[in-house]
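Heads up, the thing below is written out as structure tokens.
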Amino acid sequence: MLQQDTITTHTADSHVARADSFRPAHRLTPADVLDMLPDDATPAQQDSAIQAAFQPGEIHYSDCPDTLGLPGYTAGEETPKTTGGLGFSDDMFARTDTLSYATIAGSVNGVAGDPVPYTVRGDDLITGLLLTCMVLVAVSMAKSRRFITRQLKTFVYIPRDSETSITETSSEVRFQLFLVLQTCLQFSIFQYFYTQHYIGDTFILESQYLLIAIFFGMFTAYFIAKGLLYTAVNSVFFGSRKNMQWLKSQLFVTSTEGLLLFPVILLQVYFDLPIQNTVIYFLIVLIFIKSLTFYKCLFIFFRHTGRFLQIILYFCALEIMPIAAFWGALIITGNRLNINL
């Protein structure tokens, strides 16, 4: 059962009348009315007493003109309105409210998240280079199948001394030089991954492009210096014909090395192949290429002499020692450019 209101209008009127007889010095307030009620008065009784003591009156708004003007304008002067932007009043009184205008950007709340880490597969420049290499290699191999087949036969087949070597055209030489540059690019990207994993990922350079470019320049200089060293040594101990045959075989071997390294570089960049597997694959390719080099060196220079010690000394002096020294230079370069925290 709902509790009925026990305070009637007469009771409220009596309280009001008593309040008039004992009116305080100030105007009657709801607190004064509540003080006149007993202590056990319910909220409904308090509400009835308030409604009986106070009657809402009619609200009369002022018809007087607004004399409050903005700074810089006299009273009664019309304030110029702005179009296409916020006025002075908006700047002073409403600009802090970011919800008033859609054109005002509110402050960003929350904590800034961690930036997305750099990945090579998300790099547009590296992706463009690899994609360009893949397309150019596919087109070149499609148009140079006869040249590649002839090079394979020449490399495997042991020619007689009386046979003359087949000369390549300018386009075929450019194709091989492009493959050599591609090999340098594969090596530089591999060295970048190797340096990041085994040395460190913070460098004094402004961009990772500079580090890859440094490695690319080092590998390009290595192959050029290697060709010049072979030319200088072979011109002393062997004839120009054998020297040219050896340089062509080296150009073909280096081009083949780049083609063999290209798939594992794609796996490393786009499929996160573990760096340990990549290193093992590179070592297998390197041993295979050096075996082919040793084979070609044996049948170009030392086929008739049969002196095994000479070919070992020749191969170690011009192949093993330069690559060991160059590997040390790469490690030193990575350590010098790395920031040791």
**Message:** Here is a check on your reading of the model: is ILE214 farther than 20 Å from LEU125 by Cα and at pLDDT 85 or above?
**Reply:** no
**Request:** Could you run through region 30-46 and say how many residues are among the β-branched types (Val, Ile, Thr) and either part of a helix (DSSP H, G or I) or open to solvent by 50 Å² or more (accessible area, probe 1.4 Å) (or both)?
**Result:** 1
**Item:** helices (runs of 4 or more DSSP H) within region 210-324 that include 3 or more residues buried (at least 18 other Cβ atoms within 10 Å of the Cβ)
**Value:** 240-270, 275-301
**Request:** Looking at (1) surrounded by fewer than 21 Cβ atoms within 10 Å (Cβ to Cβ); (2) part of a helix (DSSP H, G or I), find the lone condition where GLY200 falls short.
**Result:** (2)
**Prompt:** What are the residues in region 246-292 that are touching a helix residue (DSSP H, G or I) at 6+ places or on another chain (Cβ under 6 Å) and over 22 Å from PHE216 (Cβ atoms), if any?
**Reply:** TRP246, SER249, LEU292
**Message:** Given the options THR220, THR231, name the one that is β-branched (Val, Ile, Thr) and within 32 Å of the chain's Cα centre (by Cα).
**Reply:** THR220
**Asked** Can you tell me which residue in region 143-181 is modelled with the highest pLDDT, limited to those that are of a type in the set (A, V, I, L, M, F, W, C) and in a loop (DSSP other than H, G, I, E, B)?
**Response** ILE158
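The values are calculated or read from the model by the stated rules, or taken from the named source; none is laboratory data. Since this is a predicted model, take the numbers as computed values, not measurements. Neighbour counts are summed over all protein chains in view; Cβ atoms, including those assigned to glycine, are modelled from backbone coordinates with ideal geometry. The area values use the complete protein model at the heavy-atom level, side chains included, leaving out ligands, DNA and RNA. Shrake-Rupley method; radii C 1.70, N 1.55, O 1.52, S 1.80 Å.
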